[in-house]
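**Q** Submitted below is the structure of interest, expressed as C-alpha cells.
The values are calculated or read from the model by the stated rules, or taken from the named source; none is laboratory data. Predicted, not measured: the structure shown is a model, and the values here were computed from it. Positions of Cβ are generated from backbone atoms using ideal geometry, with glycine treated the same way; all protein chains shown enter the neighbour counts. Each accessible area value is taken on the protein alone, full model and side chains, heavy atoms only, with ligands, DNA and RNA left out. Shrake-Rupley method; radii C 1.70, N 1.55, O 1.52, S 1.80 Å.
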Amino acid sequence: MSGKTLTRVDLTEAVFREVGLSRNESAQLVESVLQHISDALVEGDTVKISSFGTFTVRDKSARVGRNPKTGEEVPIEPRRVVTFRPSQLMKERVAAGNRGRTD
Amino acid sequence: MIRSELIQRIAEENPHLYQRDVERIVNTVFEEIINALAEGNRVELRGFGAFSVKKRDARIGRNPRTGETVAVEEKYVPFFKAGKLLRDRLNGLED
C-alpha cells in the first residue's frame with residue numbers, strides 16, 4: 001500500500017478536472033462543502049450523505065480522566081463530539097480495496 | 001442535512017453555476033475520499049478532520065441469534081476523527 005495522505009489540494013484537483021472551473025474556484029467550492037457540513041454539525045444537525053456516511057453530534061457527559069503519563073486524575077468537562085458512521089457502500093469499497101494488505 | 005440539501009445550499013451561494021455542476025462538485029469530493037481510502041490512503045482536511053483506514057483483526061464471532069461461532073476475517077474499516085477547529089466550534093470555542 002502506498003500510504004499517501006490526500007489534502008484539500010487533491011480534492012481541489014479532482015473537482016478542477018471534473019468541472020470546467022478555475023483551480024481557485026474549485027478550491028473555494030471544496031472549502032464550501034466542508035464549511036457547510038461543519039456549520040450543520042455545530043447547529044447540532046446530523047449530516048447524512050447517501051452512499052458516503054452519516055456525521056452525528058453526540059453529547060458526552062463529564063467524567064474523571066487520567067493523565068496516562070503521570071497517573072494524575074483530571075476532570076473532563078461535558079462536551080460535544082462528532083461521530084462518523086460510514087455507509088455500507090463505503091465500508092464495502094474500503095474493505096475490498098484493502099483486502100490482503102500485508103502491514 | 002442530507003446530500004441534496006448540501007447541494008442546494010452551495011448552489012444558492014453560487015448562482016452563476018448550474019445546479020448539475022454543483023452536484024458533480026459535491027459528488028466528486030465524496031467520491032475522492034472513498035477512492036483514497038479504498039487505495040489505503042489517508043485524507044487529511046485541516047480544521048475539518050481526517051479520514052483513515054483502520055485494521056480490524058480476525059476474530060471468532062458469534063451469531064447472536066443462534067449462538068453459533070463463526071470465523072470473522074481481518075478487515076479494514078473507514079475511520080473519521082474530527083479536527084481541532086471543528087471540535088472547538090462544537091463546544092462554543094469560536095476562533
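**Q** Within region B:31-41, identify whether any single residue is open to solvent by 90 Å² or more (accessible area, probe 1.4 Å) and out of contact with any helix residue (DSSP H, G or I) (no Cβ under 9 Å at 6 or more places or on another chain), and answer yes or no. Full working, then the answer.
**A** Quick first cut of region B:31-41, residues open to solvent by 90 Å² or more (accessible area, probe 1.4 Å) only: B:39.
Now restrict to residues that are out of contact with any helix residue (DSSP H, G or I) (no Cβ under 9 Å at 6 or more places or on another chain): none.
Among the residues of region B:31-41, not one is open to solvent by 90 Å² or more (accessible area, probe 1.4 Å) and out of contact with any helix residue (DSSP H, G or I) (no Cβ under 9 Å at 6 or more places or on another chain), which makes the answer no.
**Q** Report whether or not B:R46 is open to solvent by 80 Å² or more (accessible area, probe 1.4 Å), within 8 Å of chain A (Cβ to nearest Cβ) and within 17 Å of A:F52 (Cβ to Cβ). Steps first, answer last, please.
**A** Numbers: open to solvent by 80 Å² or more (accessible area, probe 1.4 Å): yes; within 8 Å of chain A (Cβ to nearest Cβ): yes; within 17 Å of A:F52 (Cβ to Cβ): no.
Spelling it out, it is not the case that B:R46 is open to solvent by 80 Å² or more (accessible area, probe 1.4 Å), within 8 Å of chain A (Cβ to nearest Cβ) and within 17 Å of A:F52 (Cβ to Cβ).
**Q** Continuing with this model, one more query. Of all strands (runs of 3 or more DSSP E) completely enclosed by region B:52-95, which ones contain at least 3 residues that are under 30 Å from A:E43 (Cβ atoms)?
**A** On the way: elements: B:59-62, B:69-72, B:75-82.
Strands (runs of 3 or more DSSP E) meeting the threshold: B:75-82.
**Q** Another question, then. With respect to the numbered conditions (1) touching a helix residue (DSSP H, G or I) at 6+ places or on another chain (Cβ under 8 Å); (2) open to solvent by less than 60 Å² (accessible area, probe 1.4 Å), which one is the sole condition not fulfilled by A:T83?
**A** So A:T83 meets the others, but not (1).
**Q** Only residues that are facing another protein chain (nearest Cβ under 7 Å), within 17 Å of B:A11 (Cα to Cα) and modelled with pLDDT of 95 or more: list them for region A:1-28, please.
**A** Selection gives A:V15 alone.
**Q** Which ones in region A:29-54 are touching a Ser or Thr at 6+ places or on another chain (Cβ under 9 Å), among the polar types (S, T, N, Q) and more than 7 Å from chain B (Cβ to nearest Cβ)?
**A** If the condition is that a residue be touching a Ser or Thr at 6+ places or on another chain (Cβ under 9 Å), among the polar types (S, T, N, Q) and more than 7 Å from chain B (Cβ to nearest Cβ), then A:T46, A:S51, A:T54 are the ones that fit.
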